[in-house]
Every structure is written in C-alpha cells, then in structure tokens.
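Undergrad: Input: one structure, supplied below.
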Amino acid sequence: MRHHLAGRVRSVILLPLLLMAVLVGCGGEDTGTAAGTPAAGASSPGAAGGSASPAACPTENTRSFAKTRFVADLGGAAFLTKRYIYDPYQAGTFQKGADGRTAAVVKAGLAAAASAKLLSNARENALANPTLCKTVATPMASAIATLSGVTGALASGNLNALGTLGPALDSIRGAATKAGVDVPEREVGLSGS
C-alpha cells in the first residue's frame with residue numbers, strides 16, 4: 001500500500017511539472033512594435049539571450065508600452081515567486097515530512113513556470129526600452145535561468161537555489177527603481193495572467 005501511495009504522489013507531482021515544462025516552451029513572441037516591425041535583417045538587442053550592451057540598446061522604444069508591460073510582467077513574477085516559492089521555502093514547507101508539502105511543491109512548480117514566462121516577457125520589454133535595456137535587461141537572464149531550474153531543484157530535493165530567488169527579483173526591482181521605474185508586486189494567478 002505504501003509503495004502504491006508513493007507512486008501516486010510522484011504522479012501528482014510529476015504530471016503538473018511536465019505540463020509546466022511544455023507550457024513554458026510554448027510562449028508566443030510579441031513581434032509588433034510601436035513603429036512597425038524591424039527591417040529585414042535587423043535584430044533586437046540581446047535577442048539571442050546575451051547581454052545588452054549600452055551600444056546595442058535602442059534609442060527609442062521598439063515595442064508599444066514597453067515600460068508599462070515590463071512593470072506588469074516583473075511585478076507579477078515577483079508576486080508569484082515570493083508567494084509560492086520563496087515564502088514556503090523560508091517556512092520550511094518544501095522539507096520532507098512538512099505539512100502541505102505536496103501541494104506546495106506543485107504550486108511552486110506552476111509558479112516557477114509562470115514566473116519564468118513573465119520574466120522572459122519582462123526582459124523582452126526591457127530590451128525594447130532604452131533606459132531599461134541599459135540597466136536591468138542583463139541581470140534578468142540569470143533570474144530566468146534560476147527559475148527555469150526550480151522544477152529540477154524541487155524534484156531532486158536540492159532546495160538551496162530557492163533561497164536566492166526572492167533577493168534576485170528584489171535586486172532587479174531595485175535596479176529598475178534606480179532607473180526611475182517603480183515595480184510593485186502585482187497579484188496574479190498561477191497561470192501568470
């Protein structure tokens with residue numbers, strides 16, 4: 001009976017995590033810009049995921065409402081990460097034997113997938129804005145990579161990286177504030193919308 005229950009718990013945890021992995025890989029890109037689409041052969045700064053050097057940053061917005069969309073996406077990612085990953089980690093909810101661990105792990109996996117997508121969107125919007133491109137676009141890549149690794153960390157039991165997520169997002173929000181863009185947390189559901 002115990003072996004059967006352990007198999008069911010793994011199924012409950014792994015099925016949503018697999019679904020998240022598929023959904024995270026299926027995000028559409030916004031190709032529309034305020035001034036139309038870029039000319040043929042032109043590329044956006046940091047499009048390959050590299051760092052955005054100030055010389056590669058645009059001189060004007062290349063996407064409609066880039067700063068507003070950046071604030072909404074980063075605020076949503078900060079909320080999801082804090083509520084479903086960082087706070088439960090700090091409370092010890094992910095430790096073996098903790099009350100509500102299974103539900104917390106599933107929610108954390110869903111939140112990680114939604115947050116990674118929101119951060120990816122926020123980074124694209126940061127790359128489309130001259131000020132944000134120079135100040136916050138580069139550090140966002142490491143936060144996205146860390147969030148993408150949350151699923152594996154939860155599955156393997158290696159939870160050390162989870163403790164860095166809250167401070168990493170606070171650092172990005174702080175850099176945005178220094179650039180004159182306040183990013184409050186924005187309550188969103190686990191779907192990231």
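The values are calculated or read from the model by the stated rules, or taken from the named source; none is laboratory data. For clarity, every value in this text was computed on a predicted model and none was experimentally measured. Cβ atoms come from the backbone with ideal geometry, glycine included; neighbour counts cover every protein chain shown.
Undergrad: Hey, can you tell me all the residues within segment 145-193 that are surrounded by fewer than 19 Cβ atoms within 10 Å (Cβ to Cβ) and touching a Gly at 6+ places or on another chain (Cβ under 9 Å)?
TA: Those that are surrounded by fewer than 19 Cβ atoms within 10 Å (Cβ to Cβ) and touching a Gly at 6+ places or on another chain (Cβ under 9 Å): A155, N158, A161, P184, E185, R186, E187, S193.
Undergrad: When the residues of segment 159-193 are filtered to those that are modelled with pLDDT under 80 and small (G, A, S), which remaining residue is nearest to A78 (Cα to Cα)?
TA: Applying the filter and picking the extreme gives G166.
Undergrad: Of the residues that make up segment 111-129, is at least one farther than 16 Å from D73 by Cβ and buried (at least 19 other Cβ atoms within 10 Å of the Cβ)?
TA: no
Undergrad: Can you find a residue in segment 159-172 that is farther than 22 Å from G92 by Cα and either part of a helix (DSSP H, G or I) or in contact (Cβ under 8 Å) with a residue 40 or more places away in the chain (or both)?
TA: Looking through segment 159-172, at least one residue is farther than 22 Å from G92 by Cα and either part of a helix (DSSP H, G or I) or in contact (Cβ under 8 Å) with a residue 40 or more places away in the chain (or both).
Undergrad: Could you tell me which numbered condition A122 fails, if it satisfies all but one of (1) over 25 Å from A66 (Cβ atoms); (2) free of Cβ contacts under 8 Å to residues at least 60 places away in the same chain?
TA: (1)
Undergrad: Collect the residues in segment 103-139 that are modelled with pLDDT under 90, within 18 Å of N158 (Cα to Cα) and not hydrophobic (A, V, I, L, M, F, W, C), keeping them in residue-number order.
TA: The answer is G109, and nothing else.
Undergrad: Follow-up. Sort out which residues of segment 72-88 are of a type in the set (S, T, Y) and either farther than 22 Å from V136 by Cβ or not in a helix (DSSP H, G or I) (or both), and write them in order of number.
TA: Y84
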